[in-house]
Amino acid sequence: MIRKRAGGHISQCKKGLGAILLIIAGSGIFASASPAPSNNNRSLLIAIDPSDGKYSIAMPSSKTVALRAGVGVIVDGHWLRAADYPRHTLVTSHVEGCLGKADAWQVTYLGIPGAPDLIYRIQAYQDLPFGEIQVTVHNTTGKAIRISDIRSLDAADGPILDLGGPAAQDRVLSDSFSEDRPPITIRDLADPPEKYLDSKRHPPTGTEKLHRGVGSQLIYNRQSHESLFVGALTSDRFITLLRLHLASPQGDSSRLAAYNVDSTGTTELAEENALEFALPEDRVELRVPVAPGGSLSSERLLFSLSTDYHRQLETYGSLIRQLHHARVSAPPLMGWWSWTAFYEGLNEGVALTNAQWLAQHLKPLGYNMFLVDEGYAYARGEYATPDAARYPHGMASLFYKIRGLGLIPAIWTSPFQVSVRSWVYQHHRDWLLKNASGQPIHGGMAGGKDPLFILDTTNPGAQNYLRMTYSTLVKQWGVCFIKLDFMEESAVEGDYFKPGTTALEAQRIGLQIIRDTVGKDVYLDKDGSPMLNPVGYVDYGRIATDTGHSFEHTKRVASSVAARYYMDRNFFVSDPDAVNVSVAIPEGQTLTRPVSLDDARVSIALAAIAGGMLEIGDNLPPMSKTPERLALIQNQDLINMVRLGKASIPLDLMSFDREDEQPSIFFLKEDARQSILTVFNWTDKTRNHSIHAEEAGLSGTGQYEITDVLDKKEHPSFNAGVLALSLPPHSVRVLKIVDQNAPEVAPAMVADCPSTGTIAETIPFTAHNRNGNPVLSYHWDFGDGVTQEGKNVTHAFTESGDFDVHLTAAGLDGLSSDTHIQVHIAPRQPPSFEPLKNRRYQPAN
C-alpha cells in the first residue's frame, strides 16, 4: 500500500510558527499552553521526568509515549549514565533554531566525585514535528579525562519504542557508513542483519541481532503510519551510530531490548572494512582528551515523530543543505566512465577510441564528461605518476586530446590511501597515520595484492603531497572533475600528527586542502565515504553501491537510490553510479546470463529517477551494432529527467508490499502539466499494481494522456482514479503523464546584465526564471557571432556598437521561450605598452 505524501520540506531556516508547546517541569507529564495546539501531528510533546531527568517524546494525537530515553558517556573507558548521578537540575527557555521558534530544556547531571558533569539540551519546535538534542560533557574533575562515546539517546527501560501499532509492523531504514558499507536494505524490525560479536579473522563467539544505522535511521509502523526519524545534523568530530537491539538473539521476536544513539569513533565500522584483517594494535579506540574545565559535545541530532516520513526526510535534507552550505548548484552531468566498461583493462588507445565515439555520437545530446577510473596510476597514493605500460604518453597528452573533442576530462582518485608501492610509502612513512606504537596502520589491500596505509592529513608533509597531487591533475592535466573514493576505508582512528584529531576531522582537513587546491570551478564527486562528512566540500556524491552488467547488480543498487532520494541537491548532486545497457562485457568477466533489453531498461530508468548524473558504463563502439540499446541512452524523456535535476519520490519507500521486496514506485512532478511515473518489478514473477492518482498528488478526476517513454506506446489512463499496471519479471515501466486540462506553458525568462559596457570588458549575463517552469538548457547568442550555454555566463565584446543579445530557454517537450536585451558597447582607450602596470599572476591558493 502506498501512503499519500503530504506537504514538502522546509525550504527556509526560519519560519513563522503558531502555538507554543510547554512542559510542566515538575510533573513529568505533557501539557500545552493556551491556545492549545491543533491535534494535527504538526508538533511534538516532550516531557522531562522529575525523578531521573529522562526525556519522553510523543505525538499530540497519541495516548502513549513513543520513546523514553536518557543520556550517557564513556569516560576513561567506563560508562557513566544519567541514572548514576545522584542529582540533576532543569532549566527551561525559549530559543530560535533552524526551523524557527522552539521551547528548550537543559538538564544537568552532577554530584559524582571525580566524574564530569553531564548536560543535555533538548528542544521542540513549535507547531512542527521536529526537535533537537545535544549532550555536553563538562570536565569538573580537576584533571584531564578522555571521552570515547557520548550517548544522546539511551532507551533501555520498559517499552523501548511505541509507534502506535504492533512492533511486528515496524519497518527500519538504516543509513550506512558509505554508499555500500553495507548496502542499504529496508528491513522489517524482526528481520535485522546479522552482526558478529568477534573479529571476522577468527571464528565468531556469537551474533547479535540489531539494526545499526550510520548518520540516520527511520522506523515506520505500517499499521499506524507513524514514524520516528533520528538523524545527525553535524559531523564535527564523531560518527553517529544508531542501534536498535532486538531482545531475542534468534531474531524471532520484534521486541526491542534497547535503542541507543552514540557520537563515537569509527573503529567499530573500520573493523568491518579497512581493519577487518588488521593487527589488534591497529584497531585504535577513540579517546578524545578534555582538559580540566573544558567541555566536549556530541553531534547535534534531529528527531521527529510524524505520519509523513517523506516530509521528515526532506526536512532533514533541507537542514543539512543550510547548515553545511552544501554545494548543490552543479549541473546534472552526463557522460562516460571506464570502470564497468573495462575495469582495470583501460589503456591509452582504448580510452581515446571511446572518447571519439562519445564525441561523434552522443555529445550533441549532452554526454560530454569522460572519466578515467582506477588503473591509470602507478600506485594508489601516487596519482600524478601514470602507469607507463598503459599510458606511454602520459595522462596530460590523453586529456589534451579529449578536451580537443569537446569533452570534459574527469579522473578517479582515492585521496587518503597510500599503497606500499607508492612514493609516499617508500620515502615518507612519517606522513602516514600511526598506532600507539608509532607504526603505520595497515588499512587493507588494493585488489587483494597491494597493501594499503592511510595518509595523515594533519601532517604538513602529507598536506603538501595532497596539494602537489591535485594541482598536477587540474593545472597540468586539465582535469575538471575528480572522483574521491575509499574515504570510508581511510576514516580510521589513530595517533595523528595533530594530537586529539578524530578520523572524521582528519578527513575534512584533507577535503579542505583538496578543495582549496583545485578551486571552486572543479567538480568533486564523493564516492565511498560517510555520507554527511564531505557535505560542503563536494559537488556530487555517490548514493549507492557499484552497478554492473546484470539485473542483480541494478536491483542491489535500487534501495539506496530510493532511500537517499532526499539527499539530491541537499547534501550534493546525486551520483547513482553507471548505467549498463550493452550486451558487450569487459574481457575476463563472466555472466550467468547476458544483459537483456529489459535489464538494460531497468538500469537506465534507475539512473534517471536519481535525477543527478547519467554515466554510461559500457564499451561504446559496440553500441553501434545494437540500435535498440543505443536508443535507450538517446531517449530524450530519460535525458530530460536527468537534466531537470530533481530526484523522483519513492512513493512506497517504507510501505512497499513484501512481495515487491523493496521500493518499486517512483513519481516525478516535472511541471504543472507533466509528470513521470516509474514502476519497477524487482521480482521473478509478474507483479500487478493499482496506483491511485491521489497517492501521486494527481487529481482523481483529471484528463490524462499516458505514454510509455521506453516504447513510445500510449497506455490506458486512470480508470476511476486508478491506474492498473501489470509488469513481467525484471522489468520497468516509465510512464509520461500529461494533464490535458493544464495549458502548455513555456518558461518565462528575464535576462539580467548591464545595459552598457566597453570593448574587452568581461560582462556577466544571468538568466532568471519568472514562472518556475522547468528549464533544461539556456542558449545565449551575443549578436557578434558568439554563443554560449548556461544559466550564468560571461562575455567580452571586441568591438563597439549596439548588440541584440538573444536568450533561448528550452523547456519540456520542445517548449521554449526567447528574450532579447540590448547592450551598448562603447570604445575604450587604445591600449599602450606600459610595463610598469603589469602584475605577476599569483594562484589564489
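Quick look at the numbers
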item	result
Residues of the range 466-511 satisfying the condition of being open to solvent by 20 Å² or more (accessible area, probe 1.4 Å), among the aromatic types (Phe, Trp, Tyr) and over 24 Å from the mean Cα position of the chain (by Cα)	Phe497
Those residues of the range 353-372 which are among the hydrophobic types (A, V, I, L, M, F, W, C), part of a helix (DSSP H, G or I) and in contact with a helix residue (DSSP H, G or I) (Cβ under 8 Å, 6 or more places away or on another chain), in sequence order	Ala355, Trp357, Leu365
Residue count for the range 754-764, restricted to those that are hydrophobic (A, V, I, L, M, F, W, C) and surrounded by fewer than 18 Cβ atoms within 10 Å (Cβ to Cβ)	2
Identity of the residue in the range 652-672, in a strand (DSSP E or B) and open to solvent by 10 Å² or more (accessible area, probe 1.4 Å), that ends up nearest to Pro728 (Cα to Cα)	Phe667
Selection within the range 526-536 - surrounded by 22 or more Cβ atoms within 10 Å (Cβ to Cβ) and either in contact (Cβ under 8 Å) with a residue 60 or more places away in the chain or touching a His at 6+ places or on another chain (Cβ under 9 Å) (or both)	Asp527, Gly528, Ser529, Pro530, Met531, Leu532, Asn533, Val535
Subset of the range 97-115 (residues that are under 34 Å from the mean Cα position of the chain (by Cα) and open to solvent by less than 40 Å² (accessible area, probe 1.4 Å))	Gly97, Cys98, Leu99, Gly100, Ala102, Asp103, Ala104, Trp105, Val107
Output for the range 623-651, where each listed residue is small (Gly, Ala, Ser) and surrounded by 23 or more Cβ atoms within 10 Å (Cβ to Cβ)	Ala647, Ser648
Qualifying positions in the range 328-345 - surrounded by 21 or more Cβ atoms within 10 Å (Cβ to Cβ) and farther than 26 Å from Leu638 by Cβ	none
Elements of type strands (runs of 3 or more DSSP E) in the range 673-734, at least 1 residues being over 24 Å from Ile639 (Cβ atoms), out of contact with any helix residue (DSSP H, G or I) (no Cβ under 9 Å at 6 or more places or on another chain) and open to solvent by 30 Å² or more (accessible area, probe 1.4 Å)	687-692, 722-727
Those residues of the range 821-845 which are open to solvent by 100 Å² or more (accessible area, probe 1.4 Å) and either at pLDDT 95 or above or not in a loop (DSSP other than H, G, I, E, B) (or both), in sequence order	Gln822, Leu836, Lys837
The range 540-569, residues that are more than 24 Å from Leu620 (Cα to Cα) and surrounded by fewer than 23 Cβ atoms within 10 Å (Cβ to Cβ)	Arg556, Arg569
Within the range 252-271, considering residues that are buried (at least 19 other Cβ atoms within 10 Å of the Cβ) and part of a strand (DSSP E or B), the one modelled with the lowest pLDDT	Leu256
Selection from the range 608-622 of residues that are open to solvent by 10 Å² or more (accessible area, probe 1.4 Å) and either in contact with a Phe, Trp or Tyr (Cβ under 7 Å, 6 or more places away or on another chain) or touching a residue at least 60 places away in the same chain (Cβ under 8 Å) (or both)	Asn619, Pro621
Among the candidates Arg283, Arg287, residue that is surrounded by fewer than 22 Cβ atoms within 10 Å (Cβ to Cβ) and free of Cβ contacts under 8 Å to residues at least 60 places away in the same chain	Arg283
For Lys14: the one exception among (1) of a type in the set (D, E, K, R); (2) modelled with pLDDT of 50 or more; (3) farther than 21 Å from Tyr309 by Cβ	(2)
Any hit, the range 56-68, residues being under 20 Å from Ser297 (Cα atoms) and in contact with a strand residue (DSSP E or B) (Cβ under 6 Å, 6 or more places away or on another chain)	no
Residue match in the range 478-487 (condition: without any contact (Cβ under 8 Å) to a residue 60 or more places away in the chain, part of a loop (DSSP other than H, G, I, E, B) and on the phi < 0 side of the Ramachandran plot)	no
Unmet criterion (only one of (1) small (Gly, Ala, Ser); (2) in contact with a Ser or Thr (Cβ under 9 Å, 6 or more places away or on another chain); (3) modelled with pLDDT under 95) for Gly588	(2)
Hits in the range 810-820 - residues which are without any contact (Cβ under 8 Å) to a residue 60 or more places away in the chain and in a loop (DSSP other than H, G, I, E, B)	none
Some residue of the range 71-92 being polar (S, T, N, Q) and under 25 Å from Pro159 (Cα atoms)	no
Some residue of the range 513-521 being closer than 14 Å to Ser414 by Cβ, in contact with a Phe, Trp or Tyr (Cβ under 6 Å, 6 or more places away or on another chain) and crowded, with 22+ Cβ neighbours inside 10 Å	yes
Count of the range 302-327 residues which are buried (at least 19 other Cβ atoms within 10 Å of the Cβ) and not in a strand (DSSP E or B)	18
Subset of the range 796-809 [out of contact with any Gly (no Cβ under 9 Å at 6 or more places or on another chain) and touching a residue at least 40 places away in the same chain (Cβ under 8 Å)]	Glu799, Ser800, Leu807, Ala809
Filtered residue count, the range 61-96, keeping only those that are outside any strand (DSSP E or B) and open to solvent by 30 Å² or more (accessible area, probe 1.4 Å)	10
From the options Gln134, Gln169, residue that is more than 26 Å from the chain's Cα centre (by Cα), surrounded by fewer than 21 Cβ atoms within 10 Å (Cβ to Cβ) and at pLDDT 95 or above	Gln169
The range 365-422, subset closer than 30 Å to Asn640 by Cβ, of a type outside the set (A, V, I, L, M, F, W, C) and touching a strand residue (DSSP E or B) at 6+ places or on another chain (Cβ under 9 Å), residue most open to solvent (accessible area, probe 1.4 Å)	Arg403
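The values are calculated or read from the model by the stated rules, or taken from the named source; none is laboratory data. Predicted model, so just to flag it, every value in this text is computed and none were measured. Quick reminder, even Gly has a Cβ in these numbers, built from the backbone with ideal geometry, and neighbours come from all protein chains shown. These accessible areas exclude ligands, DNA and RNA; they are computed on the full protein's heavy atoms, side chains included. Shrake-Rupley method; radii C 1.70, N 1.55, O 1.52, S 1.80 Å.
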